């Protein structure tokens, strides 16, 4: 029987866009959850940079190769890694409009992080009914508000209780 995939949820944002930003990630496996976030004070940070940073940092959290189901609310990240990246590389990092690809350094780092993992990508609607996506969204805005990231490992039961205390409201 194949090893159960680690469930990973990521999000990133900046306020305003561009502006200071943050990323958040949640890794769930075998009844344990690890959540982490990071803050970026650069006033030129963008949502897309933070979305990529979330995926990169989630993958960096693994000490060895893993089977991962990566859930993101960023079509930029999902489509970029699944469709656009091979075309950009073939076209010497130019878009279909012959413009330089933005965030090339982050795309290259994401690709490097993916080399040791088996990752399937899934898209979830932002600010909808996925409690773990809403939680990583909360991590992002908590990091921006407090101007610092976090890292914590808890049981999934503890995480669910914590999320319940947050009474996350869906931002639209």
Which residues, counting only those in segment 5-28, are within 19 Å of residue 120 (Cα to Cα) and surrounded by fewer than 17 Cβ atoms within 10 Å (Cβ to Cβ)? 5
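Given the structure, is residue 93 farther than 15 Å from residue 6 by Cα and out of contact with any strand residue (DSSP E or B) (no Cβ under 9 Å at 6 or more places or on another chain)? Full working, then the answer.
On the way: farther than 15 Å from residue 6 by Cα: yes; out of contact with any strand residue (DSSP E or B) (no Cβ under 9 Å at 6 or more places or on another chain): no.
Judged against the criteria, residue 93 is not a match.
Is it the case, given these coordinates, that residue 36 is without any contact (Cβ under 8 Å) to a residue 40 or more places away in the chain, assigned to a strand (DSSP E or B) and at negative phi? Lay out the reasoning, then the answer.
Values: without any contact (Cβ under 8 Å) to a residue 40 or more places away in the chain: no; assigned to a strand (DSSP E or B): yes; at negative phi: yes.
It is false that residue 36 is without any contact (Cβ under 8 Å) to a residue 40 or more places away in the chain, assigned to a strand (DSSP E or B) and at negative phi.
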Which is surrounded by 17 or more Cβ atoms within 10 Å (Cβ to Cβ) and over 20 Å from residue 22 (Cβ atoms), of 140, 101? 101
Please go through segment 143-154 and give me each residue that is surrounded by 12 or more Cβ atoms within 10 Å (Cβ to Cβ) and either out of contact with any strand residue (DSSP E or B) (no Cβ under 7 Å at 6 or more places or on another chain) or modelled with pLDDT under 95 (or both), ordered by number. 146
All but one of (1) farther than 20 Å from residue 151 by Cα; (2) without any contact (Cβ under 8 Å) to a residue 40 or more places away in the chain; (3) in contact with a helix residue (DSSP H, G or I) (Cβ under 8 Å, 6 or more places away or on another chain) hold for residue 48, so report the exception by its number. (2)
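The values are calculated or read from the model by the stated rules, or taken from the named source; none is laboratory data. Fair warning: this is a prediction, and the values are worked out from it, not measured in the lab. Every residue, glycine as well, gets a Cβ built from its backbone with ideal geometry; the counts of neighbours run over all protein chains shown.
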